[in-house]
1. Please compute the modelled spin-label separation between A78 and T169, points set 7 Å along Cα→Cβ, answer in nm with one decimal.
2. Please arrange W79, W22 by how many other C-beta atoms lie within 10 Å of their C-beta, fewest to most.
3. Taking H placed 1.01 Å from N in the peptide plane, check which residues at least 5 places from W22 or on another chain put their amide H under 5 Å from its amide H.
4. Under 17 Å from the 7 Å Cα→Cβ point of R104, by amide nitrogen: which residues of the range 121-158?
5. Determine, from the Cβ-Cβ distance of S95 and S148 and an R0 of 22 Å, the FRET efficiency 1/(1 + (r/R0)^6), rounded to the nearest 0.05.
6. Tell me, what HN-Hα J-couplings in whole Hz come from the Karplus equation 6.51 cos²θ - 1.76 cosθ + 1.60 at θ = phi - 60° for each residue of the range 176-183, using x for Gly and Pro?
7. Quick one: if the Förster radius is 22 Å, what FRET efficiency do E53 and T162 give, using the C-beta to C-beta distance and rounding to 0.05?
Amino acid sequence: MEAVQEMTRPAIGHSGIASGAWTPVEFEAVFLEHFPRVLGVLTRLTSDRGRAEDLANEVFMKLYKQPPPDAAQTGAGAWLYRTACNLGIDELRASARRRQYESRAMEGEDRADAGPLDDLLREEQRERVRRVLGDMKPAQAQILALRSAGCSYKEIAAAAQTTGGSVGTLLNRAEAEFRKRYLMLFGSEEADI
């Protein structure tokens, strides 16, 4: 725990958090208590243990540098898991973009026959989906994003901090909400969304 010992700050109260200050012992206790679960969430989200470890370290570095103001009342755990989910989702998005760019590069001239009109229509569709997701509740948008990224119900449950049995219901509700908002904004011209 060299990294923990290097992070010396003024002493704090019994809650473990006060005005952005940690002692090495307190931070180490929070780290040891929550690291395995944070790592597990990120491993399930990214399917890459090495990348998950990097992201977990980033989560704890954020906690150390700037503890959340409400952590004294709610504890650091909720903040850690929420931050881990957000970083994991960001990683999924970045990976999806990277795969998409690599796929396009590999296709090369195969896409030349698609034409600019197809590209424009595809981009317009993406913008519509982004707009609808942006208008939805973050939890519902998160569930849809995880599912579209290929995550299993178990992985979605871990990221959303819910039971595995409720994911199907939450996913159905999120899809219905997406469909309703999409049709409200853009009409029934593409009802197969």
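1. Result for the modelled spin labels: 2.2 nm.
2. Working: W79 20, W22 26.
Placing the least packed residue first, the sequence is W79, W22.
3. Hits under the 5 Å cutoff: R9.
4. 121-130
5. The pair S95/S148 has a calculated efficiency of 0.95.
6. Per-residue couplings from phi come out as 5, 5, 4, 4, 4, 5, 4, 5 Hz.
7. Values: r = 25 Å, r/R0 = 1.13.
With a Förster radius of 22 Å, E is 0.35.
Every number here is computed from the coordinates shown, using simple stated rules; none is lab data. This one's a predicted model, so the numbers in the text were calculated from it and none came from an experiment. Because the Cβ atoms are built from the backbone with ideal geometry, glycine has one as well, and the counts that use them run over all protein chains shown.
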